[in-house]
1. For the condition of a type outside the set (A, V, I, L, M, F, W, C) and either modelled with pLDDT under 95 or in contact with a strand residue (DSSP E or B) (Cβ under 9 Å, 6 or more places away or on another chain) (or both), what is the one hit in 684, 606?
2. Being under 22 Å from residue 31 (Cβ atoms), assigned to a loop (DSSP other than H, G, I, E, B) and without any contact (Cβ under 8 Å) to a residue 40 or more places away in the chain: is that true of residue 127 here?
3. Report whether or not residue 242 is within 30 Å of residue 218 (Cβ to Cβ) and buried (at least 24 other Cβ atoms within 10 Å of the Cβ).
4. I need the full set of residues from segment 339-371 which are among the small types (Gly, Ala, Ser) and in contact with a Gly (Cβ under 8 Å, 6 or more places away or on another chain), in order please.
5. Could you please find all residues in segment 20-70 being more than 32 Å from the chain's Cα centre (by Cα), hydroxyl-bearing (Ser, Thr, Tyr) and surrounded by fewer than 20 Cβ atoms within 10 Å (Cβ to Cβ)?
6. Residue 537 - would you say it is in contact with a strand residue (DSSP E or B) (Cβ under 7 Å, 6 or more places away or on another chain), over 17 Å from residue 588 (Cα atoms) and in a strand (DSSP E or B)?
7. Quick check, is residue 239 under 19 Å from the mean Cα position of the chain (by Cα) and either within 22 Å of residue 322 (Cβ to Cβ) or among the hydrophobic types (A, V, I, L, M, F, W, C) (or both)?
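The values are calculated or read from the model by the stated rules, or taken from the named source; none is laboratory data. Nothing here was measured: the structure is a model prediction, and the numbers come from that model. In this analysis, Cβ positions are derived from the backbone assuming ideal geometry, glycine residues included, and neighbour counts consider all displayed protein chains. Calculation scope for accessible area: heavy atoms of the full protein, side chains included, ligands and nucleic acids excluded. Shrake-Rupley method; radii C 1.70, N 1.55, O 1.52, S 1.80 Å.
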Amino acid sequence: MSRKLIVDGKDIEVEDGTTLMHACEAAGAEIPRFCYHERLSIAGNCRMCLVEVEGSPKPIASCAMLVNDLPPNRDGSPKKVFTTSKVARKAREGVMEFLLLNHPLDCPICDQGGECDLQDQAMAFGLGGSRYEENKRAVEDKYVGPLIKTVMTRCIHCTRCVRYMTEIAGVEELGLIGRGEDAEITTYLEKGILTEMSANAVDLCPVGALTHRPWAHNARPWELKKTESIDVMDALGSAVRVDTRGREVMRILPRNNDAVNEEWISDKTRHVVDGLKTQRLDRPYVRRNGRLVAATWAEALDAVAQRLKSANPARIGAIAGDLAGAEEMFALRELMAGLGVVNLDCRQAGEAIDPAAGRAGYLFNATVEGIDQADAILIVGSNPRLENPVLHSRLRRRVRQPGVSVALIGEPVDLGFQYVHLGTDPSAITRLLQAPPAKAERPMILVGTGALARLDGAAILGTLAKAARQLGVVKDGWNGFSLLHTAAARVAGLDLGFVPGANGLGAREMAAGGVDVLFNLGADEIDIADGPFVIYQGSHGDRGAHRADVILPGAAYTEKSATFVNTEGRAQQTVRAVFPPGEAREDWTILRALSAEIGQPLPFDTLEQLRAKMYTAVPGLAALNSVSPADPRAIETLASRAGVMRDEPLRSPIKDFYMTNPIARASQVMAELSALRQQASSKTLSAAE
């Protein structure tokens, strides 16, 4: 059913349930607001969105009034709404005057300056002065956490931060206490909030009450160059904006993408910035007499070429790391193919995934948006709160809806919502099949890396595929069999077929000494045994560089244009925001130069030529920002491979959320957060004992 309105003389028709604010905006009117936010519950407490409605004795808060709540006119004519009338303007001017009564007006020293809603709306909808002469009140600053700097005297009590923490982040530790002049936002227990997504509250704050502590007073927004890119800290591929000044990344902020991250990012994504500047590899190194010494590019490439040309191809291997882009993996695959090497692997965590079975066997087939439709969710071997906090927030929002059930197989963890714990080891899957629950309309099985990166990972995956078939997880119009990857590079590597060829060795066998020469493309989460000659190509002096015999300095994700495919199969591209430091180069260019040194130059000289070859080999990588359903017959193939599972507990591979990759480990901010989390965990264990 629809309703007709006349907004500022313009006839419009909107659906029932539409707020008066959105109805006015549909008519082209501009409605100011502070407390209202599209993704939070309605509070209606700032009153900045007041409009005049014909017949109403006073202005109406348009964010909290639905069009179907407006009383009809006696003659049945549409209600008239005025957004720019004298009454509406005077009401907003009064609200703005009240908001500024106690505001300190310290814009010149406020980090929010230039991005402040209060500044903008005071100019557009406020008076030119104030009639208030009394002393302003002051509020003590609160410690909300290591990432959020507070100046609570600036707070206008919009409660956006409170609602965000409660409804999205899942931490009910922030609230409004007191009444009247004594009202203030605070943490109830007067301690810092430790959640993986706390810093999004700063983006929501319409004033400077909450600002980012790590980059306080570093730059003004108009000084920064803004580059739209994507995040690679996990496998979701959140849309981000990289702000730079000169050759330095100053900050990373979220961009809106309803299909992926909405407008949220994790604290690691946002504050890993300082890790992009420290412990960088900015020139080649060659190990001589047991020590890594600086070398020229010619010397480093010659050392690598001589080793690759002299070694037996059966004793050469290559491993791609978690932050590798599709372009460099494709270039490395082609380079190794030219040498006759079949020992390739992009699964450094050891996941038992076979891309030959089909794409549906390794994708999050339900899609991220599909979580909003699932009504029964089984989580196996995963802790989505640590593995993918933004996806977990969407999962938590869905679970809060009535009629949605969640079960977990694996170690019990705090997910921020209630679930049924079916068991800790894979035998719980067998018990579930023996006594299946009532069939749901859209069931989903969420499979984590903790279930796949085991010696019996293939058997577990096959058994879960069998369970998906029996429980109706895969049917016409719905595929709920979903793998949640932890690495940004994993799906692209599987799409490219960066896996062992016939009789080829996997990452674990190569790292254990199964090859004589190992090309390590940024794989820092795997221990390489003594013996192989290791060529490390990456951006940071992390574990892989320490073990290397030759280091080829590459580019971080903010320094190159590269393709990444997220866990649901959505291809996206990063955009170069700054240049790599020193003599470091984009990764594909290093491999192209190396191929020429070997005497087998790769058939491309530019990024466009490389991508043309890559798209010919894997057309799906060219379909940017879209998700195509994978053929579900791959799940049938997996079900036929169900085998014997071991009686070992299923555990998430991520123990420390803040230390999952070399960029994060180079960040001082992440180190501080990691220490605080460990300290909090120790206190919790002590209290439990």
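1. Values: 606 fails: either modelled with pLDDT under 95 or in contact with a strand residue (DSSP E or B) (Cβ under 9 Å, 6 or more places away or on another chain) (or both).
Result: 684 is the single residue among 684, 606 that is of a type outside the set (A, V, I, L, M, F, W, C) and either modelled with pLDDT under 95 or in contact with a strand residue (DSSP E or B) (Cβ under 9 Å, 6 or more places away or on another chain) (or both).
2. Values: under 22 Å from residue 31 (Cβ atoms): yes; assigned to a loop (DSSP other than H, G, I, E, B): yes; without any contact (Cβ under 8 Å) to a residue 40 or more places away in the chain: yes.
So residue 127 fits the description; yes.
3. Working: within 30 Å of residue 218 (Cβ to Cβ): yes; buried (at least 24 other Cβ atoms within 10 Å of the Cβ): yes.
It is true that residue 242 is within 30 Å of residue 218 (Cβ to Cβ) and buried (at least 24 other Cβ atoms within 10 Å of the Cβ).
4. Of segment 339-371, the ones among the small types (Gly, Ala, Ser) are 340, 349-350, 352, 356-358, 360-361, 366, 370.
Answer for segment 339-371, where residues must be among the small types (Gly, Ala, Ser) and in contact with a Gly (Cβ under 8 Å, 6 or more places away or on another chain): 350, 352, 366, 370.
5. Answer for segment 20-70, where residues must be more than 32 Å from the chain's Cα centre (by Cα), hydroxyl-bearing (Ser, Thr, Tyr) and surrounded by fewer than 20 Cβ atoms within 10 Å (Cβ to Cβ): just 56.
6. Values: in contact with a strand residue (DSSP E or B) (Cβ under 7 Å, 6 or more places away or on another chain): yes; over 17 Å from residue 588 (Cα atoms): no; in a strand (DSSP E or B): yes.
Judged against the criteria, residue 537 is not a match.
7. Values: under 19 Å from the mean Cα position of the chain (by Cα): yes; either within 22 Å of residue 322 (Cβ to Cβ) or among the hydrophobic types (A, V, I, L, M, F, W, C) (or both): yes.
So residue 239 fits the description; yes.
So that you can scan it fast, the table gives a plain yes or no per residue for (1) in contact with a His (Cβ under 9 Å, 6 or more places away or on another chain); (2) in contact (Cβ under 8 Å) with a residue 40 or more places away in the chain:
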site	(1), (2)
261	no, yes
268	no, yes
281	yes, yes
305	no, yes
313	no, no
329	no, yes
343	no, yes
370	no, yes
